[in-house]
1. So which trypsin sites (Lys or Arg not before Pro) in the stretch 1-66 end up in coil per DSSP with only 12 or fewer other C-beta atoms within 10 Å?
2. Could you work out how much longer the chain between K48 and M1 gets when fully extended? Use 0.36 nm per residue separation minus the Cα distance between them, nm to one decimal.
3. If I model a spin label at A18 and K72 as a point 7 Å from the Cα along the Cα→Cβ vector, what separation in nanometres do I get?
4. State which entries of K2/K38; K2/K96; K104/K124; K2/K49; K92/K149; K48/K149 exceed 26 angstrom in Cα-Cα distance in the structure shown.
5. Quick one: among E61, E103, E93, which has the greatest mean-square fluctuation in a GNM of the chain with alpha-carbon springs under 10 angstrom?
6. Rounded to the nearest 0.05, what FRET efficiency is calculated for T65 and Y158 with R0 set to 45 Å and r the Cβ-Cβ distance?
7. To the nearest 10 degrees, how steep is helix 40-53 against the longest Cα principal axis of the chain, on a 0 to 90 scale?
8. How many nm separate the modelled label positions at L80 and A204, each set 7 Å beyond the Cα in the direction of the Cβ?
Amino acid sequence: MKFFIDTANLDDIREAQALGILDGVTTNPSLMAREGIKGEKNIQEHYKKICDIVDGDVSAEVISTDFEGMVKEGETLAALHPRIVVKIPIIKEGVKAIKYLTEKGIRVNCTLVFTPGQALLAAKAGASYVSPFIGRLDDISEDGIGLVKQIVDMFNYYGYETEVLAASIRHTRHIIQCMEVGADVITSPLQPILGLLKHPLTDAGLEKFLADYKKVNG
Ligand code: E4P
């Protein structure tokens with residue numbers, strides 16, 4: 001399972017990269033705004049900085065909602081760096097843009113996916129990734145992980161090569177659940193990833209090993 005970090009914060013990206021387990025980054029306009037990155041040129045420069053840190057795919061989202069706008073933005077974003085994947089929302093114009101961009105060799109991450117039907121359209125249009133949003137479904141008492149499983153099963157059944165990129169991860173358990181249902185990729189903020197390290201018996205065991213060593217070796 002690939003690990004992407006879901007942030008535009010360069011320190012968090014560097015920390016995850018330094019761990020040696022990072023396979024990519026996803027961003028969205030809200031995450032860019034959270035870092036105070038504004039203006040087309042600054043946003044593009046920020047994407048380039050992220051690409052310089054990480055040796056993996058970096059999703060950069062369009063803000064247009066019409067076909068021509070999405071294609072133009074997508075081509076501009078893809079030209080910034082070979083590892084940029086253009087993030088396109090699953091709307092009618094978006095499906096057309098996914099088809100157009102993928103036929104031109106530009107990889108697409110189809111975002112804001114909340115149903116298996118949306119994922120199916122994205123895969124048929126040629127998306128490299130589809131991003132079902134787990135946390136936002138759980139927030140409205142729906143089953144986020146259940147959706148990831150439905151999409152994984154559907155893609156396996158029909159042999160789609162589109163990767164299931166589980167997004168909107170809120171906590172460490174979500175990552176474990178994604179592993180259990182066979183998601184290809186998870187994208188998560190840094191803390192849920194670091195949460196995978198934690199167990200009280202690890203801490204207690206390490207403390208005892210070090211204390212026993214010190215007793216004998218001083
Ligand atoms: C996915 O690519 C999105 O950037 C992200 O996972 C959304 O997460 P949120 O629901 O926590 O905003």
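1. Here the trypsin sites (Lys or Arg not before Pro) that fit, given the DSSP loop and packing criteria, are K38.
2. Contour length minus the Cα-Cα distance gives 14.4 nm.
3. 4.2
4. Table pairs above 26 Å Cα-Cα are K2/K38; K2/K96; K48/K149.
5. The residue with the greatest mean-square fluctuation here is E103.
6. Working: r = 29 Å, r/R0 = 0.63.
According to the calculation, E is roughly 0.95.
7. 40
8. 4.8
The values are calculated or read from the model by the stated rules, or taken from the named source; none is laboratory data. Only a predicted model underlies this, so the values are computations on that prediction, with no experimental measurement involved. Cβ coordinates were reconstructed from backbone atoms using ideal geometry, including for glycine residues, and neighbour counts include every protein chain displayed. Surface areas here come from the heavy atoms of the whole protein model, side chains and all, with no ligands, DNA or RNA. Shrake-Rupley method; radii C 1.70, N 1.55, O 1.52, S 1.80 Å.
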